[in-house]
Structure formats: structure tokens, C-alpha cells
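The block underneath contains the structure these notes are about, expressed in C-alpha cells.
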Amino acid sequence: MSSSTKKFTIAVEGNIGSGKSTVLAHLSKSSLCEIIAEPVENWTNLKGHNILAMLYDDPHRWGFAFQANAQMTLAKLHTQTTKAPVKVMERSIYSARYCFVENLYRSKILHGAEYEILDEWFQTLVSGGSCDLDLIIYLRASPETCLQRIQMRHRSEEESIDLDYLQTLHERHEEWLIQRNRTNNSPPVIVVDANQTKERVYIDTNTHVNNLVSC
Ligand code: DCP
């Protein structure tokens, strides 16, 4: 396939509040990119149930159900085709597994049996190759910066998020994307300093998308 017709899939990853949505809104202006937004609307209104709020209210009760649903909705988005050369996803099934499921398990919120069920499901969903990525752009921000941004945007479900939670999620992202503890079939990772102004983050991200398409 020539470079002009080849298609690419990128996932934009990073902690809660790292700025993924604003980067995606910016990339949506490029004719190269088609954006697949994270299904937060599905999570705040699953046939009338706000499972994101339920998760934060009672993570022991709802952690498994929330993550099972997140895995399924993300797996569907991975199979979605696009016309533009670059499909840009907000998060992926991989961060659901390696950051959120892992974090809930290590915090003893998910039971070992629930963790194994989610993992087996995950392995099955990714085994066929339909969730493969060509590149991950990691918006790397300090947990303190993320907390400030979360507090500024006032998403009502997220009022209970504190620095400790963001710190542990940050560690999961670092293990996965910097220490590369999950090496099997991992795509290249580009790190963007997301503590910078959003204008600088846009410039850096655009450069990486253009480089991917032109190489
Ligand atoms: N979430 C979760 N488990 C997942 C995925 C997301 O608990 N597998 C939660 C964390 C947040 C909300 O869903 O409360 C959305 O988180 P994201 O970081 O995916 O999206 P944001 O909109 O917060 O990202 P950003 O602020 O970077 O735009």
C-alpha cells in the first residue's frame, strides 16, 4: 500500500484531566484526521443509568460492571472504520485494561476473580488484531496539573477525585507507556509534555501526526 493510501490508527492517552479531549478537538480540524471520541456519554447515560457516577459513588459495587462496559464500548470503537487517513482514538482498550482495571485491582477494589474475568475478555478482544494501534501519543502531565484541570471543568461525577487517585493512575500510565512493562505487540509511544500550554501541546501533537503520515 502506498503512503498516500495507507491508513493509521493513533490512540491519545494520558491521565484524567491531561487534556485528551481538547487535543482531539484540535486534531478534528485537520483533514488528515477523523476522531473517535471516548464514549463518556454512554457511561453517563447507559439507557438512563449514569454508570460513571455509580462507579465513583461505590467503586466496589460498580467497578467490574463499569470496566466490563468500558472494554466492550472501546472494542467496538476499535473496529470502526474511517475515511480520513488517520483514525484518532481518545483512549483505547489498552488503557482501560492496563491503567483502570489494573489500578482497581491493585487498590483491592476489584476482586481477583473479577480481574481474571476482565483480563480473559480483554485478551480475547485484542487477539484478532482489530484493536491494533500504529502509534500512541502519551499526554504526560503531572497529577497536580490534572487535578487543577479536573477541578476547573467541574464534571459532577468526578468531584470525589483526589490527588492520591490521580497519582496511582499516573503510575499505571508510566508503567505501561514509559517503563514499557507490557511489551507484547506494543506500538511506538510518543510522549508529549502536557504540562505545557494547550497551544504548545497542539503544535507537538500535530507534528507527530504529520510525521506518521509522511514516513
Ligand atoms: N474512566 C474509568 N475507567 C476507564 C476509562 C475512564 O474510570 N476505563 C473514567 C475516568 C474519568 C472518565 O471516565 O472520570 C473519563 O476519563 P478520561 O481520562 O478517559 O477522559 P477525560 O475527559 O477526563 O480526559 P481529558 O481530561 O484528558 O480530556
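The values are calculated or read from the model by the stated rules, or taken from the named source; none is laboratory data. Quick caveat, the model's predicted, so the values are computed rather than measured. Note: ideal-geometry Cβ built from the backbone for every residue, glycine included; neighbour counts use all protein chains shown. Only protein heavy atoms, including side chains, enter the accessible area calculation; ligands, DNA and RNA are left aside. Shrake-Rupley method; radii C 1.70, N 1.55, O 1.52, S 1.80 Å.
For residue 69, what is the net charge nearby, where nearby means another residue's Cβ is under 15 Å from its Cβ and Lys, Arg count +1, Asp, Glu -1?
Numbers: positive: 47, 61, 76, 91, 97; negative: 38, 41, 114, 157.
In short, +1.
Helices in the chain, meaning DSSP H runs of at least 4 residues, each add -39500 (n - 2.57). Divided by all residues, the mean residue ellipticity at 222 nm is -15000 deg cm²/dmol. Entry comment: accessible area of the chain is 50 Å² per residue, from protein heavy atoms only and a probe of 1.4 Å. Bridge orientation summary for segment 8-214: considering DSSP beta bridges with both residues in this region, about 5 percent are antiparallel. Return, ordered by residue number, the residues of segment 43-74 whose backbone nitrogen is under 18 Å from a label point located 7 Å along Cα→Cβ of residue 156. Under 18 Å, as judged by backbone N against the label point of residue 156, lie 43-58 of segment 43-74.
Using 0.36 nm times the number of residues separating residue 127 and residue 25, minus their current alpha carbon distance, what extension gain do you get? Before the final figure, lay out the partial values.
Numbers: separation 102, 0.36 × 102 = 36.72 nm, distance 3.05 nm.
Residue separation times 0.36 nm, minus the Cα-Cα distance, leaves 33.7 nm.
For the pair residue 49 and residue 142, what calculated FRET efficiency results from E = 1/(1 + (r/R0)^6), where r is the Cβ-Cβ distance and R0 = 41 Å, to the nearest 0.05? Walk me through the numbers on the way to the answer.
Numbers: r = 33 Å, r/R0 = 0.82.
Calculated transfer efficiency: 0.75.
With all protein chains present, how much of the accessible area of the chain (probe radius 1.4 Å) comes from carbon and sulfur, to the nearest whole percent? Exposed carbon and sulfur together represent 52 percent of the surface.
Out of all Cα-Cα pairs in segment 30-128, roughly what percent, to the nearest whole number, are more than 15 Å apart? Percent of Cα pairs beyond 15 Å in segment 30-128: 63. Computed over the chain with a Gaussian network model linking Cα atoms closer than 10 Å, the most mobile of 168, 22, 205 is 22. Would you look at the GNM of the chain, springs on alpha carbons closer than 10 Å, and say which of 107, 142, 95 moves the most? Its mean-square fluctuation being the largest, the pick is 107. Across segment 65-175, the mean sequence separation of Cα contacts (distance under 8 Å, 6 or more residues apart), normalised by length, yields a relative contact order of 30 percent.
Rg(Cα) of the chain divided by 2.2 N^0.38 Å? If you can, show how the numbers build up before the last one.
Numbers: Rg = 16.8 Å, N = 215, 2.2 N^0.38 = 16.9 Å.
Working it through for the chain, the quotient is 0.99.
Rounded, prolate or oblate: which fits segment 75-172, taking a ≥ b ≥ c as square roots of the Cα gyration tensor eigenvalues, rounded meaning a/c under 1.5, else prolate when a/b beats b/c? Oblate.
Would you mind calculating the relative contact order of the chain from Cα pairs under 8 angstrom and at least 6 residues apart, reporting the percent as a whole number?
32 percent
Take the Cβ atoms of residue 180 and residue 68, set R0 to 41 Å, and the FRET efficiency comes out at 0.95. When the Gaussian network model of the chain links Cα atoms closer than 10 Å, the mean-square fluctuations of 36, 117, 109 top out at 117. The label-point distance for residue 207 and residue 57, in a model that sets each label 7 Å from Cα toward Cβ, rounds to 4.6 nm. Distance between the C-alpha centres of segment 15-66 and segment 145-215: 14 Å, rounded to the whole angstrom. Basic side chains Lys and Arg get +1 at the Cβ, acidic Asp and Glu get -1 at the Cβ, and with that the dipole of the chain about its Cα centre reaches some 740 debye.
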